[in-house]
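Read through the structure below, which is laid out as structure tokens, and then see the notes.
The values are calculated or read from the model by the stated rules, or taken from the named source; none is laboratory data. Owing to the predicted nature of the structure, the values given are computational and were not obtained by experimental measurement. Here the Cβ positions follow ideal geometry from the backbone for every residue, glycine too, while neighbour counts run over all protein chains shown.
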Amino acid sequence: MTRNFRSELVGSFSEGSNGNPTVAMIEAAFAHHNLDWRYINCEVTPANLADAVKGARAMGWRGFNCSIPHKVAVIEHLDGLGESAEIMGAVNCAVNRDGKFIGENTDGKGFLKSLMEVVDPRGKSVVMFGAGGAARAIGVELALAGARALTVVNRSALRGEPLVRLLNERTATPATLVQWPREFAIPEGTDIVVNATSIGLANGNQPLDIDAATLKPGMVVADVIVDPPDTRFLRDARTRGCTVIDGLGMLINQGVIGVKYWTGIDADPAVMRKKLEEIFSA
């Protein structure tokens with residue numbers, strides 16, 4: 001019997017990697033499924049990104065995640081892009097397919113998978129706060145999934161306009177931009193409300209600047225914030241009878257999709273959620 005002492009390698013390239021909990025949930029999944037794989041959290045500066053990708057190739061890595069600030073810059077070092085990554089022009093997951101690194105974006109896919117456990121966005125009207133990287137990924141996936149209409153609400157029209165233009169030019173879902181006034185009122189007929197901003201990060205009591213009275217029973221309200229997962233926005237929505245989805249679902253499903261891309265295994269999301277809940281409750 002031949003023994004194998006070499007683990008398969010994946011990991012993450014980012015700045016601020018010390019605060020990235022992805023490694024904990026991915027390695028919990030590897031252990032649960034008895035996979036001899038390792039996830040290595042790497043601190044990589046923009047100046048060293050090209051060398052990091054070359055190193056991953058040289059060492060036979062099966063793939064890697066890319067986080068801030070590399071999601072766009074990494075594209076020139078890859079061999080191709082998946083559909084949604086090509087549309088949004090950003091990659092957070094590279095997959096080694098027959099020796100070629102193909103860029104995917106699991107940010108939006110993770111959100112969509114979490115949302116689909118509650119409601120199918122096809123034919124639904126969506127209001128989304130924010131126009132940054134998370135909003136771009138979520139907006140593209142919602143549009144590709146058949147959302148009826150998408151309203152992007154953002155403080156800066158300069159940042160919001162490119163996202164709305166992208167959605168209108170590259171997808172079949174009509175998108176409109178609303179410059180965020182004080183206490184934004186959720187329009188009647190809205191089915192899904194998404195906070196894709198950083199509001200609430202590390203401060204679960206920070207309110208989203210909306211008229212909470214316009215959150216109605218029957219709406220599905222989602223937040224991308226994971227720390228803390230139970231934000232003021234979600235608490236307000238829950239109080240008003242909305243169905244809520246926390247940011248852990250998006251993060252966990254990103255991981256589930258990444259593990260599937262790399263290993264072909266359907267990772268158990270409950271194992272990954274348990275690990276993250278242990279971390280955030282400590």
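Would the stretch 193-210 turn up any residue that is among the hydrophobic types (A, V, I, L, M, F, W, C), without any contact (Cβ under 8 Å) to a residue 60 or more places away in the chain and exposed (fewer than 15 other Cβ atoms within 10 Å of the Cβ)?
Yes: the stretch 193-210 contains one or more residues that are among the hydrophobic types (A, V, I, L, M, F, W, C), without any contact (Cβ under 8 Å) to a residue 60 or more places away in the chain and exposed (fewer than 15 other Cβ atoms within 10 Å of the Cβ).
Give all pairs with beta carbons closer than 6 Å in which a residue from the stretch 41-62 that is over 14 Å from GLY16 (Cβ atoms) meets a residue that is surrounded by 12 or more Cβ atoms within 10 Å (Cβ to Cβ) and among the acidic types (Asp, Glu); count only pairs at least 6 apart in sequence or on separate chains.
Going by the 6 Å Cβ cut-off, the qualifying pairs are ARG62/GLU8.
Tell me the residue from ASN92, ASN65, ASN105, ASN96 that is farther than 26 Å from VAL226 by Cα and out of contact with any His (no Cβ under 7 Å at 6 or more places or on another chain), please.
ASN96
Which of the residues that make up the stretch 220-267 are surrounded by fewer than 18 Cβ atoms within 10 Å (Cβ to Cβ) and without any contact (Cβ under 8 Å) to a residue 60 or more places away in the chain?
Across the stretch 220-267, the qualifying residues are ASP230, ARG235, ARG238, THR239, ARG240, GLY241, LYS260, GLY264, ASP266.
Can you tell me how many residues in the stretch 114-160 are over 17 Å from GLY247 (Cβ atoms), surrounded by fewer than 24 Cβ atoms within 10 Å (Cβ to Cβ) and free of Cβ contacts under 8 Å to residues at least 60 places away in the same chain?
Adding up the residues that qualify gives 15.
Residue-wise test of (1) assigned to a loop (DSSP other than H, G, I, E, B); (2) within 22 Å of ARG170 (Cα to Cα); (3) out of contact with any helix residue (DSSP H, G or I) (no Cβ under 8 Å at 6 or more places or on another chain).
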| position | (1), (2), (3) |
| --- | --- |
| VAL53 | no, no, no |
| PHE64 | no, no, no |
| LYS71 | yes, yes, no |
| SER84 | no, yes, no |
| ILE87 | no, yes, no |
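Of everything in the stretch 73-114, what is modelled with pLDDT of 95 or more and among the aliphatic types (A, V, I, L, M)? Give them in sequence order.
VAL74, ILE75, LEU78, LEU81, ALA94, VAL95, ILE102, LEU112
Within the stretch 115-137, how many residues are at pLDDT 95 or above and assigned to a helix (DSSP H, G or I)?
Of the residues in the stretch 115-137, 2 are at pLDDT 95 or above and assigned to a helix (DSSP H, G or I).
Specify which of the listed residues (PHE111, PHE101) is of a type in the set (Phe, Trp, Tyr), on the phi < 0 side of the Ramachandran plot, surrounded by 19 or more Cβ atoms within 10 Å (Cβ to Cβ) and in a helix (DSSP H, G or I).
PHE111
Take LEU215 and decide whether it is within 21 Å of LYS124 (Cβ to Cβ), in contact with an Asp or Glu (Cβ under 9 Å, 6 or more places away or on another chain) and in contact (Cβ under 8 Å) with a residue 12 or more places away in the chain.
Judged against the criteria, LEU215 is a match.
Kindly check whether there is at least one residue in the stretch 44-55 that is touching a Leu at 6+ places or on another chain (Cβ under 8 Å), under 26 Å from VAL164 (Cα atoms), surrounded by 20 or more Cβ atoms within 10 Å (Cβ to Cβ) and not aromatic (Phe, Trp, Tyr).
So far as the stretch 44-55 goes, no, none of its residues is touching a Leu at 6+ places or on another chain (Cβ under 8 Å), under 26 Å from VAL164 (Cα atoms), surrounded by 20 or more Cβ atoms within 10 Å (Cβ to Cβ) and not aromatic (Phe, Trp, Tyr).
What number of residues within the stretch 1-17 satisfy the criterion of being over 22 Å from ALA31 (Cβ atoms) and not small (Gly, Ala, Ser)?
Of the residues in that region, 4 qualify.
In the stretch 1-32, how many are at pLDDT 95 or above and in a loop (DSSP other than H, G, I, E, B)?
Final tally of qualifying residues: 1.
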